[in-house]
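Report on the following structure.
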Amino acid sequence: MEYNHRTVEQKWQKYWQKEQIFKTQEENTKPKYYVLDMFPYPSGAGLHVGHPLGYIASDIVARYKRQKGFNVLHPMGYDAYGLPAEQYAIQTGQHPAITTEQNIQRYRKQLDLLGLSYDWSREVRTCNPDYYKWTQWTFVQLFNSFYCYDANKALPIADLISAFEAGAAKDLNVACGKKMDFSDEDWKKFTPKEKSDILMNYRLAYLSDTVVNWCPALGTVLANDEIINGVSVRGGYPVERKSMKQWSLRITAYAERLLEGLNRIDWTESIKEIQRNWIGKSKGATLFFPLENGSKLEIFTTRADTLFGVTFMVVCPEHNIIKDITTEEHRLEVEKYVQWAKNRSERERLAEVKTVTGVFTGSYAVHPLNGERIPIWVADYVLAGYGSGAIMAVPAHDSRDFAFARRFNLPVKQVVVPTDEQEEDTSLWQESKDSREGTIVNSDLISGLQVKDAIDSIIKYIEDKKIGYGTVNYRLRDAIFSRQRYWGEPFPVYYENDIPKIINELPLLLPPIETYLPTETGEPPLARAKNWNYKGFPYDHNTMPGFAGSNAYYLRYEDPHNENYLVSKEANQYWQNVDLYIGGSEHATGHLLYSRFITKFLFDLGQCCKDEPFAKLINQGMIQGRSNFVYRIKGENKFVSFNLKSNYQTDALHVDINLVENDILNIEAFKNWREEFKYAEFILEDGKYICGWEVEKMSKSLYNVQNPDMLVERYGADTLRLYEMFLGPLEQSKPWDTQGIEGVSRFIRKLWRLYHRDGEFSVSEQLPSKAEFTALHKAIKKVEEDIEKFSFNTSVSTFMVCVNELTELKCNKREILEPLSILISAFAPHIAEELWCLLGHSTSITYADFPKYDSTYLEQTVFNYPVSINGKTRAFIELDLHLSQSDVEKIVLADAMVQKFIDNRMVKRFIFVPKRIINIVV
RNA sequence: GCAUCUGUGGCGGAAUUGGUAGACGCGCCAGACUCAAAAUCUGGUGAGCUUUAAACUCGUGCCGGUUCGAUUCCGGCCAGAUGUACCA
């Protein structure tokens, strides 16, 4: 009987579900292992073959670790809040919860087909009230906390109030929006509203007027990581800058810890580097340049060493000093420029990076060290959001300042001579010399120093003179946390006399509304909710952004039904953090950063015992589509086969890959595909129509989406699982190619036949031969090593080699086939379970012990020992060696062997070079 | 521009981490079974030279270095992928 994947796979999926084989409980006798997939957003399109890649990999690890004696937590859930469901709701009026539910059902069905060993009893959905209760709760904790740099952790806001009551406001070393200074007396006199506003300056979740990224097309605000090149990631709509009252999270308070934590986690260098750049730490100095009107201009620089090269200063168009310093004769021009810069969209700004614009204010600053007059300009190449929005321009050593100086004929003064160069006439320069290695010149007290020493020494000098101080600056901005949408978590906040107050009875449910659009007055959709208020006070009408629900979801899986805590201490003590996290790299600056931030915050609160959420991260590569093309002769309804197309003028048309097999077009199916092709003619080669192909993104519009359901139906889940792993290294992007799946399918049938004779199940109780043992133990050793290294592709090859060898040996011995079944069960669980059952076991293979390899069977009778003769030619001496012998033993044996050569006068002498090599001089 | 990663047959990719490069699979070629096809099985398959075989030579993006020995380590280029960018 040939292997029938349909009946076998169904049978075992039902069995696993009925017997709750994958249900996990805390078990203190076993070590824990937590392996997690990034939970998916259930979109309407369902899964394509790219999605399961990571799920299969994590499932292999989960199954392997169970057999290695670990208690494995392997849960799954849905990131169910999101824009597509809401937009669908706007179009159809259907509640997003309904669409979401349907999509989840479909996802679940597709996931079940793959035989993944999730513990579904722990499923979470971010849109369920008993889940988002904890998303809201986390927000409340952030609201009620501030960050103290002395304690280097978040503390209750009550501590801060006590400090204010004690008059310590100005001495606090805490994270805040702006430095404040008031006495205990002042604090007592403040109105409740004033107190509330002051505390907002310190809370980790705070309300403020912020310049935000407003996307008119989406009718909402977006976070920095939701925008690329001035347009929204979702939809590609233009984004404007606009000032609005918004909730933000003070992630900047954690900048240093987020940076430091990267050194303690096992993630790829590239993701860590992306996060480091995003946080963007730079050490430099804050300097105060006195102005001629008596006030001071604050600037930030990382190149304090070039202080003597300053020839002008630039402030950003938003800078509030502009109105005070602009002279009458320049006022009109400056105002015009500021207005122009303000109206320019983010996209225009980015598009015109190369064009230099700016105007002179008419005012001058005084150089704090040499007293020179320095003109102050306004230009939009200086950004409001970074540093103080003002710079000292050193055109000789900064390319942007250089471009500006050339454009407006400002002087360029060299103060650094790069290593291996001479001082030059700057008027001849084509570009600035930005190098940070070189010698300082023309700089009074620091001339002659190297750049690095000059920075240290000048900072020390300005600190002594009290004209500035060394500072650290981060590029990271606070995360804007409000969205003007419906389908998200409501803020547990109401407003009493314009003072935001927290609701402690959670969850605050998302109210039903009739239409999902913003109101006519531009209020968010939640403003439409009827009778939705807290004792007559209005609720906040914003909802939380997409990433809110995913920050701490991994903790909720540890204790998903706890009504009193996000996660109980006991459950968290046991499961701790995620040992292995698998998902795409597109979340590098979003989810993966926010989740680390919130984890650190919850750690400060004592809610979890680890301050990093994901100990090891693997980013699975994208599976690209392999598109097929047909070639239509221009102006005719005639198609020419791929290798003949050069004889004609043709257009390449995408053709649905489901109409093509091994690049051969199914002509009948093609004719029926679309009305216009019904009477098409074909020019064939060898009686076939051959299609062209190309690797592209997998997308519906390119007709190259490979649906896993069809492949499961045809080849079975085990084959698909093995094939997805066999495709190549997990972390690499690769094109989907259905052709190769045949090879894996053959392997599955071969494996089945190994346990059968003449169609009947048949195993022998005889003792296996040495060769049979060797084939098995080689595979055990290799597969174990491969899984530990996450190179699943080579494991599949190993299985194939092993089964080929055993087939050749006609091996059907129980002692070989039993461990082989276990070995293969992580990759192909259904067939393994069936064979396990046929072998007479009544319990699931899931909890069988992973076989141990025995090195005595890995013996090699002939060991090729490399030898260099006269330091040139390489030869090999065949030695009778054993792999389990140490290098020292091998060398001793080799030594004896070579001695024979000497005795036979074949060589004069020999020398041992490093551990394995023998150098012979003839 | 900057950062990270990757360059091996017709294709996807292996290589005990410095030791016989090309495992395994696809594709292709030949053969067996068959009236025939499908399925299945067996053998071959980096390039060059040679009538064939053996043997030999060349071969891991390019140039150089370290080494008895380099796909692997180091330096410099070239190409591609991804991320990011007026961040002072």
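The values are calculated or read from the model by the stated rules, or taken from the named source; none is laboratory data. On a predicted model such as this, the values are computed, not experimentally measured, just so you know. So basically every Cβ, Gly included, is an ideal-geometry build from the backbone, and we count neighbours across all protein chains shown.
A few comments on the model shown:
- Pairs linking a residue in the range A:522-535 that is charged (D, E, K, R) to a residue that is modelled with pLDDT of 90 or more and in a loop (DSSP other than H, G, I, E, B), with Cβ atoms under 7 Å and 6 or more positions apart or on different chains, are A:E523/A:H541; A:R528/A:I513.
- Qualifying residue in the range A:44-64 (condition: of a type in the set (S, T, Y), over 25 Å from A:Y574 (Cα atoms) and surrounded by 21 or more Cβ atoms within 10 Å (Cβ to Cβ)): no
- Identity of the residue in the range A:164-173, in contact with a helix residue (DSSP H, G or I) (Cβ under 9 Å, 6 or more places away or on another chain) and surrounded by fewer than 18 Cβ atoms within 10 Å (Cβ to Cβ), that ends up modelled with the lowest pLDDT: A:D171
- Given (1) in contact (Cβ under 8 Å) with a residue 40 or more places away in the chain; (2) farther than 22 Å from A:Y147 by Cα; (3) away from RNA strand B (no atom under 16 Å from the Cβ); (4) surrounded by fewer than 21 Cβ atoms within 10 Å (Cβ to Cβ), index of the condition A:G261 fails: (2)
- Top-ranked residue in the range A:539-565 [being hydroxyl-bearing (S, T, Y) and part of a helix (DSSP H, G or I); ranked as farthest from A:R122 (Cα to Cα)]: A:S550
- Taking the criterion of being over 25 Å from A:A552 (Cα atoms) and basic (K, R), the residues of the range A:604-660 that qualify are A:R626, A:R632, A:K634, A:K638, A:K645.
- A count restricted to the range A:238-258 and to residues that are surrounded by 14 or more Cβ atoms within 10 Å (Cβ to Cβ), more than 13 Å from RNA strand B (Cβ to nearest atom) and more than 22 Å from A:N577 (Cα to Cα) stands at 9.
- If you check A:N804, A:N793 for being of a type outside the set (S, T, Y), out of contact with any Phe, Trp or Tyr (no Cβ under 8 Å at 6 or more places or on another chain), modelled with pLDDT under 95 and not in a loop (DSSP other than H, G, I, E, B), only one passes: A:N804.
- Taking the range A:477-498 as the range and being more than 17 Å from A:Q246 (Cβ to Cβ) and part of a loop (DSSP other than H, G, I, E, B) as the test, the residues that pass are A:Y486, A:W487, A:N497.
- Looking across the range A:366-397, just one residue is within 38 Å of the chain's Cα centre (by Cα) and charged (D, E, K, R), and that is A:D380.
- Inter-residue pairs, beta-carbon under 7 Å, first under 26 Å from A:W214 (Cα atoms) and modelled with pLDDT of 85 or more and in the range A:468-480, second more than 13 Å from RNA strand B (Cβ to nearest atom) and among the hydroxyl-bearing types (S, T, Y), 6+ apart: A:D478/A:S248; A:A479/A:S248; A:A479/A:Y594; A:I480/A:T210; A:I480/A:S248
- Only residues that are within 11 Å of RNA strand B (Cβ to nearest atom) and crowded, with 17+ Cβ neighbours inside 10 Å were counted in the range A:372-383, giving 4.
- Close pairs from the range A:493-518: first closer than 22 Å to A:T191 by Cα, partner of a type in the set (S, T, N, Q) and in a loop (DSSP other than H, G, I, E, B), Cβ under 8 Å, at least 6 apart: A:I502/A:N144
- Under the condition of being of a type in the set (S, T, N, Q) and away from RNA strand B (no atom under 15 Å from the Cβ), the residues counted in the range A:276-303 number 2.
- Whichever residue in the range A:709-744 is buried (at least 21 other Cβ atoms within 10 Å of the Cβ) and near RNA strand B (Cβ under 7 Å from one of its atoms) and, among such residues, is nearest to A:A832 (Cα to Cα): A:V744
- Residue in the range A:471-492 that is over 30 Å from A:F597 (Cβ atoms) and surrounded by fewer than 16 Cβ atoms within 10 Å (Cβ to Cβ) present: no
- Matching residues in the range A:215-226 - criterion: being in contact with a strand residue (DSSP E or B) (Cβ under 8 Å, 6 or more places away or on another chain) and surrounded by fewer than 19 Cβ atoms within 10 Å (Cβ to Cβ): A:P216, A:A217, A:N224
- Residues satisfying the stated conditions in the range A:685-700, i.e. over 26 Å from the mean Cα position of the chain (by Cα) and in contact (Cβ under 8 Å) with a residue 12 or more places away in the chain: A:E685, A:K688, A:Y689, A:I690, A:C691, A:G692, A:W693, A:E694
- Index of the failed condition, A:K354 passing every other in (1) touching a Phe, Trp or Tyr at 6+ places or on another chain (Cβ under 7 Å); (2) exposed (fewer than 14 other Cβ atoms within 10 Å of the Cβ); (3) modelled with pLDDT under 85: (1)
- Helices (runs of 4 or more DSSP H) wholly inside the range A:566-681 containing at least 1 residues that are under 24 Å from A:I271 (Cα atoms) and modelled with pLDDT of 85 or more: A:591-604
- Leading residue by the ranking (farthest from RNA strand B (Cβ to nearest atom)) among those in the range A:392-447 that are among the acidic types (D, E) and at pLDDT 85 or above: A:D401
- Condition met for A:S435 (among the small types (G, A, S), in a helix (DSSP H, G or I), without any contact (Cβ under 8 Å) to a residue 60 or more places away in the chain and more than 30 Å from A:T92 (Cβ to Cβ)): no
- Some residue of the range A:192-207 being part of a helix (DSSP H, G or I), of a type in the set (K, R) and either touching a Ser or Thr at 6+ places or on another chain (Cβ under 6 Å) or surrounded by 15 or more Cβ atoms within 10 Å (Cβ to Cβ) (or both): yes
- Qualifying residue in the range A:105-114 (condition: within 23 Å of the chain's Cα centre (by Cα), within 30 Å of A:S568 (Cβ to Cβ) and at pLDDT 90 or above): yes
Yes or no, residue by residue, for (1) in contact with a Phe, Trp or Tyr (Cβ under 8 Å, 6 or more places away or on another chain); (2) near RNA strand B (Cβ under 8 Å from one of its atoms); (3) acidic (D, E):
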{"residue": "A:R746", "(1), (2), (3)": "no, yes, no"}
{"residue": "A:W752", "(1), (2), (3)": "yes, no, no"}
{"residue": "A:H756", "(1), (2), (3)": "no, no, no"}
{"residue": "A:P768", "(1), (2), (3)": "no, no, no"}
{"residue": "A:A771", "(1), (2), (3)": "no, no, no"}
{"residue": "A:T774", "(1), (2), (3)": "yes, no, no"}
{"residue": "A:M800", "(1), (2), (3)": "yes, yes, no"}
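- Qualifying residue in the range A:302-323 (condition: in a strand (DSSP E or B), surrounded by fewer than 22 Cβ atoms within 10 Å (Cβ to Cβ) and either hydrophobic (A, V, I, L, M, F, W, C) or in contact with a helix residue (DSSP H, G or I) (Cβ under 6 Å, 6 or more places away or on another chain) (or both)): no
- Out of A:G115, A:G69, sole residue that is assigned to a loop (DSSP other than H, G, I, E, B) and touching a helix residue (DSSP H, G or I) at 6+ places or on another chain (Cβ under 9 Å): A:G115
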